[in-house]
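Participant: Before I ask anything, here is the structure I am working with.
The values are calculated or read from the model by the stated rules, or taken from the named source; none is laboratory data. Fair warning: this is a prediction, and the values are worked out from it, not measured in the lab. Virtual Cβ from ideal backbone geometry, glycine too; neighbours counted across all protein chains shown.
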Amino acid sequence: MENLIPKFKKLRGFIFDIDGVMTNGQVLVNEEGHMLRSVNIKDGFAVQHAVKLGYTVAIVSGGTSLGMEKRFQGLGVKQIYMGQMHKVDAVSEIIENSGFDASDFLYMGDDMPDIPVLKMVGIAACPKDAAVDVLDICHYISPISGGDGCVRDVIERTLKIQQTWNSESIHHW
């Protein structure tokens, strides 16, 4: 972790997958065929806090879900890319639009479609229960599983290293 501190200090943006990162990867399917997911409220707080502090926060998911899209819009996330089978294009667009370099971003994913993107960014991160091939290439493996607060972990860790976590804005909600 010590050798990652300079990379965490440099971060200006976070990009997250949904299934297996923001959720535990399980999907409840109802009789109408609607897929329901559960998200962690602490992850949501951290995402909203990072957005309010001016960090670029984006979602890139292979799945599609109007409910998930509304959730992230409600947290202030402006860049939400759903149904992305090839995530590199979406992530390249996010980075280009940000005005920052790829090395200024952390991407957190958990499975094979995330590998090309994980290789593009400054910090490749994953939850502790990610696929083995993802675990093998990540710079940072959260000690927390997907859907249980791993997103909060990387955002809080970054903001604490950058000394912005305890910002006054946190107390004025």
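Participant: Which condition does Asp153 not pass, out of (1) under 20 Å from Phe8 (Cα atoms); (2) not in a helix (DSSP H, G or I), if it passes all the others?
Facilitator: Evaluating Asp153 over (1) under 20 Å from Phe8 (Cα atoms); (2) not in a helix (DSSP H, G or I) leaves (2) as the failure.
Participant: Is it the case, given these coordinates, that Leu106 is modelled with pLDDT of 95 or more, more than 15 Å from Gly13 (Cα to Cα), not in a loop (DSSP other than H, G, I, E, B) and not acidic (Asp, Glu)?
Facilitator: no
Participant: Still on this model: Of these, Gln79, Gln84, which one is of a type in the set (S, T, N, Q) and without any contact (Cβ under 8 Å) to a residue 24 or more places away in the chain? Please lay out each step first, then the result.
Facilitator: On the way: Gln84 fails: without any contact (Cβ under 8 Å) to a residue 24 or more places away in the chain.
Within the list Gln79, Gln84, the selection yields Gln79.
Participant: For the stretch 97-105, indicate whether the set of residues that are touching a residue at least 60 places away in the same chain (Cβ under 8 Å) and among the acidic types (Asp, Glu) is non-empty. Let's see the steps before the verdict.
Facilitator: Step one: of the stretch 97-105, the residues touching a residue at least 60 places away in the same chain (Cβ under 8 Å) are 98, 100, 103-105.
Those still in the list that are among the acidic types (Asp, Glu) too: 104.
For the stretch 97-105, residues touching a residue at least 60 places away in the same chain (Cβ under 8 Å) and among the acidic types (Asp, Glu): present.
Participant: Only one of these conditions is not met by Gln163: (1) polar (S, T, N, Q); (2) part of a helix (DSSP H, G or I); (3) without any contact (Cβ under 8 Å) to a residue 60 or more places away in the chain. Which number is it?
Facilitator: The one condition Gln163 does not meet is (2).
Participant: Ok, one more. Pull up the stretch 136-149, narrow it to residues that are touching a strand residue (DSSP E or B) at 6+ places or on another chain (Cβ under 7 Å) and under 16 Å from Asn24 (Cα atoms), then point me to the one that is surrounded by the most Cβ atoms within 10 Å (Cβ to Cβ). If you could, list the steps in order and put the result at the bottom.
Facilitator: Our first condition is that a residue be touching a strand residue (DSSP E or B) at 6+ places or on another chain (Cβ under 7 Å); within the stretch 136-149, this holds for 137-142.
Retained after the next criterion (residues that are under 16 Å from Asn24 (Cα atoms)): 141-142.
Numbers: Ile141: 17, Ser142: 23.
Among them, the one singled out is Ser142.
Participant: Also, I was wondering about something else. Tell me which of these Val121 doesn't satisfy, since it passes every other one: (1) of a type outside the set (Phe, Trp, Tyr); (2) crowded, with 17+ Cβ neighbours inside 10 Å; (3) in a helix (DSSP H, G or I).
Facilitator: (3)
Participant: When the residues of the stretch 25-56 are narrowed to those that are among the small types (Gly, Ala, Ser) and within 20 Å of Cys150 (Cα to Cα), which ends up surrounded by the fewest Cβ atoms within 10 Å (Cβ to Cβ)? Spell out how you get there, then give the answer.
Facilitator: If we filter the stretch 25-56 for residues that are among the small types (Gly, Ala, Ser), which is where we start, we get 25, 33, 38, 44, 46, 50, 54.
Narrowing further to those that are within 20 Å of Cys150 (Cα to Cα): 25, 38, 44, 46, 50.
Details: Gly25: 18, Ser38: 11, Gly44: 17, Ala46: 25, Ala50: 26.
Only one residue tops the list, namely Ser38.
Participant: A follow-up question, please. If we keep just the residues of the stretch 96-118 that are under 14 Å from the mean Cα position of the chain (by Cα), among the aliphatic types (A, V, I, L, M) and within 17 Å of Val57 (Cβ to Cβ), which is surrounded by the most Cβ atoms within 10 Å (Cβ to Cβ)?
Facilitator: Here the residue is Met108.
Participant: Of the residues Ser92, Ser61, Ser38, Ser65, which is over 19 Å from Thr158 (Cα atoms), in contact with a Phe, Trp or Tyr (Cβ under 8 Å, 6 or more places away or on another chain) and among the small types (Gly, Ala, Ser)?
Facilitator: Numbers: Ser92 fails: in contact with a Phe, Trp or Tyr (Cβ under 8 Å, 6 or more places away or on another chain); Ser38 fails: in contact with a Phe, Trp or Tyr (Cβ under 8 Å, 6 or more places away or on another chain); Ser65 fails: in contact with a Phe, Trp or Tyr (Cβ under 8 Å, 6 or more places away or on another chain).
Residue meeting the stated conditions: Ser61.
Participant: Continuing with this model, one more query. What are the pairs, 6+ residues apart or on separate chains, where a residue within the stretch 27-55 that is part of a loop (DSSP other than H, G, I, E, B) has its Cβ under 8 Å from a residue that is of a type in the set (Val, Ile, Thr)?
Facilitator: Between residues of the stretch 27-55 that are part of a loop (DSSP other than H, G, I, E, B) and residues that are of a type in the set (Val, Ile, Thr), the close pairs are Arg37/Ile18; Arg37/Thr23; Arg37/Val27; Ser38/Thr23; Val39/Thr23; Asn40/Val151; Leu53/Thr164.
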